[in-house]
Each structure stands twice: as C-alpha cells, then as structure tokens.
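To start, the structure under review is shown below, and the notes come after it.
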Amino acid sequence: MIDDDEADVMDAGIMETDDIEGSEFEAPAFDAADELESSAGFDGMDDGEAVQAEGKPDLNLIMDIPVTMQVVLGKAVMPVASLVKLGRGAVVKLDTSIGDPVDLIVNGRIVARGEVVVLENEESRFGITLTEIVSPGARPQRAKASAA
C-alpha cells in the first residue's frame, strides 16, 4: 500500500517504479533543463536565438515602439494680459540666443543637446545637430519642457 508521502513523491516524478512494490505506476521522465526551457517559452528556438535570450536582451522587440521627441528652443514668461494681446505675426522673444544649445527630450527625459540648423534641402524647416549625448546617470528624472 502507498502512503500519502509516497504518493506526493510519485506525483512529483521523483520515485522510480522499482521503489513501489506491486505497482503498475510508471514515473514520467523528468529533465530539469527541458522543464525550464518549456516554461520560459523558448521552444522552437535555435541555438543562436537561445544565446541571445541567455546573454543580452533582444532589443528588436522594442524597435517599433513610438516615442515622443521634443526640441525646446527656449522659454518666455509674460503676463496673461500680454499673452491675450498676441495675434498673427506677433514675435515672442525667447530666452535662448542663436547658437545656444537646445535640449532634445525623448518621452520627457533629456537625452541629448544640440544646435538648431536650417535644413539645406528644405530651407523652411529646422533640424538639430547633436553636439552632446547626455549620459544616463546625468539625465534628470523628468525634463521640465513645459515649465515656465
């Protein structure tokens, strides 16, 4: 007769059939590596893909995620009375001069700085030339792009 402890061991696939007298029970073959592989979802991967999964993360999974990019040209502070008087053609003086670096902000975080340039092929459009990549440790938690 099998007691409860032996039944639990059999269910876990640990006990061999020779250990149980008069039993027709056959313990399932158990390979820890196969179990880990299938539970982690790596079935069907070749060795190259498995190395990628074990070593570095596969960045291709995130390459299509859209991000919001902003370039802050400058800021201006004015009373509401001046703001409501603005009309078409009004010029708002910013606190940034030509040649001053501007911040490149991605999803609310400053990731680089650069200089504003006029695009050669499209003279009515601007771009920025990157002059500095901000290291991850030096990045502020959230850029204050919309702050006054």
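Every number in this text was worked out from the coordinates using simple rules, so none of it is lab data. Everything numeric here is computed off the predicted structure, so don't read it as measured data. Virtual Cβ from ideal backbone geometry, glycine too; neighbours counted across all protein chains shown.
Please give the strands (runs of 3 or more DSSP E) falling wholly within segment 58-137 in which 3 or more residues are exposed (fewer than 14 other Cβ atoms within 10 Å of the Cβ) and hydrophobic (A, V, I, L, M, F, W, C). So the answer is 126-133. Considering LEU119, LEU130, the condition of being under 25 Å from the mean Cα position of the chain (by Cα) and among the aliphatic types (A, V, I, L, M) is satisfied by LEU130 alone.
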